[in-house]
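Computed from the coordinates by the stated procedures, all read-outs in this text should not be read as laboratory data. Since we're looking at a predicted model, the values are computed, not measured. In this analysis, Cβ positions are derived from the backbone assuming ideal geometry, glycine residues included, and neighbour counts consider all displayed protein chains.
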Amino acid sequence: MVNLIPAPRELRLTGGSGPFGGEVRTRVDSSLAPEAYELTVSHDGAHIVGGDEAGVFWGRQTLRQLLGPDAFRRAPIEREPVAVPYVEIRDAPRFAWRGFMLDVARHFLPKDDVLRYVDLLAAHKLNVFHLHLTDDQGWRIAIERYPRLVEVGAWRPRTRLGWGEPPLWDERPHGGFYTQDDLREIIAYAAERHVTVVPEIDLPGHSQAAIAAYPELGNTDVIDTAALEVWTEWGWSPHVLAPTDAVLRFYEGVLDEVLDVFPSRFIHIGGDECLKDQWRRSATAQARIKGLGLHDEDELQSWMIRHFDRWLTARGRRLIGWDEIVEGGLAEGAAVACWRWYTGGIAAAEAGHDVVMCPQQEVYLDHVQDPGADEPVPFGWVHTLEDVYRFEPVPPRLAGTPHAARVIGTQANLWTEVADSRARVDYQAFPRLAAFAEVAWSRLPDPDERDFGDFERRMNAAHYARLDAMGVAYRPPTGPHPWQRRPGIPGRMHHKPRRTWHMA
Ligand code: ACM
């Protein structure tokens, strides 16, 4: 029995099995596609041919799965040699961008835990780790020329517990940040595992922590930004960046250092959920709209995004942003991370832009995974393991058209307002990230035709045991362990139409 997650494209049992002595021969054959691999296991040992080094690496991950759950421990434990099934596998990913976003701004995750997530992504053949580094509630990357971004912006005096009214508070100060060398270490560790770390510096919304550190970044003609603090509420802060040249220069300075640290081709500049009320009231913003001959505040945001699109392009990089960047006109070279239904992603793909599909209606892993009353801090829509397994990144409107190729990949996103620790992040991410990994790697049938029963069987027969060996605090299929519950912390649930793919 062979229980691989993600399922390989072609797998042939060649008969028999035998003890594995650890001999692995590898080579690169560039006639295979990027990231593709062929794995042969026989009495002769294991042989991996990769289309590139990444392909060889993914082949090794598959071999590790064949070796049994203990192969996922950090060191061998004493056992009889495991019997490996003799197989021939030919495999290649469906998408080039197989991503996971972790919000380390709402709750800081220490460096060791981030490194551990690199291992977890690599074990699932996910190859993009998007770090959401800045938000209203915290700024997590040290910027040498602007030290107050972390001195002031990397911590808050207290934290809202859940989303209830009246608010509940955890009165402990919360914070933390990564030095640039910490990030270089994470990036190098990820690169060894063929995972690219994509940084996100969110602008012009979600910037209250930055404005608390440097009040001149805010709309000073509308509010007293010197009185602002790092935000302790959840939601959309009205305090957004001012659309001034000084703010552009400041963020160029930030991005200069970001580019120095992150070799990633794509740099994420956010662009989501920017409330425009302050711009409507600000004489400075209104003068800017008039001076540039723009129609409205959406176009003003678009002007800021276009600025950074050109700025990044001139430095050999590419801008990616959330799908709000489609509003008011999409910057020329920009790629879009589509998080609101499939809508912005379809528009962007049809206009010839690259798209990463990550709709919150399908693959937001901060959302609750079961409707039961025991789920810790239930938030968002219910996305069960089966829902995620039936997520399809290419909507019917694009499928079979040349625009489908614009969907360069897909990503699962995990925001951390209600996931305040590594254990909570594990619980939200797993087992759903395993289902997502299969969607991102394998070429599955349309959502209704997928064999979820087979996926579940493979989970039960092998993959939960691998997660156990890796020490992942996943949600058990029967519901949370008692110590995984969070009684008394209220969440906030949405209602959704099921399976939005059919509507797109
Ligand atoms: C987002 O969820 N605001 C991208």
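For segment 407-465, the gyration tensor built on C-alpha atoms gives an oblate shape. Its axis ratio a/c (a ≥ b ≥ c) is at least 1.5, and a/b is not larger than b/c. For V84, the residues whose modelled amide H falls within less than 5 Å of its own, excluding neighbours fewer than 5 places apart on the same chain, are G18, F20. Couplings 3J(HN,Hα) for segment 84-101, derived from phi with the Karplus relation 6.51 cos²θ - 1.76 cosθ + 1.60 (θ = phi - 60°), are 9, x, 7, 9, 10, 10, 10, 8, 7, x, 6, 10, 6, 10, 10, x, 9, 9 Hz, where x marks Gly and Pro.
Sorting I89, I141 from the fewest to the most surrounding beta carbons within 10 angstrom yields I89, I141. Using equal-weight Cα scatterers in the Debye expression, the normalised intensity of segment 117-187 in log10 at q = 0.15, 0.20, 0.21 Å⁻¹ is -0.68, -0.92, -0.95. Based on alpha-carbon atoms, the Kirkwood radius and the radius of gyration of segment 233-383 give Rg/Rh equal to 1.02.
Taking every DSSP helix (H) stretch of at least 4 residues in the chain, weighting each as -39,500 (n - 2.57) and dividing the sum by the residue count yields a mean residue ellipticity at 222 nm of -8000 deg cm²/dmol.
Overall dimensions of segment 418-504, expressed as equivalent-ellipsoid semi-axes from the Cα gyration tensor (√(5λ), whole Å, largest first), are 25, 20, 11.
Over every Cα atom in segment 5-64, the radius of gyration and the widest Cα-Cα span, Dmax, amount to 11.4, 32 Å. What percentage of all Cα-Cα pairs in segment 338-468 are separated by more than 23 Å? Across segment 338-468, Cα pairs with separations above 23 Å total 36 percent. For the chain, the Cβ-based charge dipole about the Cα centre amounts to some 580 debye (Lys, Arg positive; Asp, Glu negative; other atoms uncharged). Once you reduce segment 189-222 and segment 130-177 to the center of their Cα atoms, the two points are 12 Å from each other. Sorting 451-463, 385-397, 207-219 by their mean Cβ neighbour count within 10 Å, with the most densely packed peptide first, gives 207-219, 385-397, 451-463. For the chain, relative contact order (Cα pairs under 8 Å, six or more residues apart, normalised by length) works out to 16 percent.
Summing Lys, Arg as +1 and Asp, Glu as -1, what charge do residues with Cβ under 9 Å from the Cβ of Q180 carry, Q180 excluded? Around Q180, the charge tally is -4.
Principal semi-axes of the equivalent ellipsoid, √(5λ) from the alpha carbon gyration tensor of the chain, are 40, 25, 22 Å from largest down. The calculated Kirkwood hydrodynamic radius for segment 31-144 is 16.5 Å, given to one decimal from all distinct C-alpha pairs.
For segment 248-334, the relative contact order is 36 percent, taking Cα pairs closer than 8 Å that sit 6 or more residues apart in sequence and dividing their mean separation by the residue count.
Looking at the chain, the DSSP beta bridges with both ends there are about 40 percent antiparallel.
The share of C-alpha pairs in segment 86-142 whose separation exceeds 16 Å stands at 53 percent.
Below 8 Å, C-alpha to C-alpha, sequence gap of six or more: please give me the relative contact order for segment 400-504 in percent. RCO, segment 400-504: 32 percent. Using a ≥ b ≥ c from the Cα gyration tensor of segment 164-318 (square roots of the eigenvalues), is it rounded, prolate or oblate, where a/c under 1.5 gives rounded and otherwise the larger of a/b and b/c decides, a/b for prolate? In terms of gyration-tensor shape, oblate. Put the Cα centre of segment 320-354 next to the Cα centre of segment 84-115 and the gap is 24 Å.
Take every DSSP beta bridge whose two residues both sit in segment 1-85; close to 65 percent of them are antiparallel. Distance from the alpha carbon centroid of segment 428-487 to that of segment 30-56 works out to 26 angstrom.
Peptides 421-431, 240-250 ranked from most to least packed by the mean count of surrounding Cβ atoms within 10 Å: 421-431, 240-250. What does the net charge come to around A7 if you take all other residues with beta carbon closer than 12 Å to its beta carbon, with K and R at +1 and D and E at -1? Counting the neighbours of A7, the net charge comes to +2. Rounded, prolate or oblate, given the Cα gyration tensor of segment 444-491, with a/c below 1.5 counting as rounded? Cα axes put segment 444-491 in the oblate bin.
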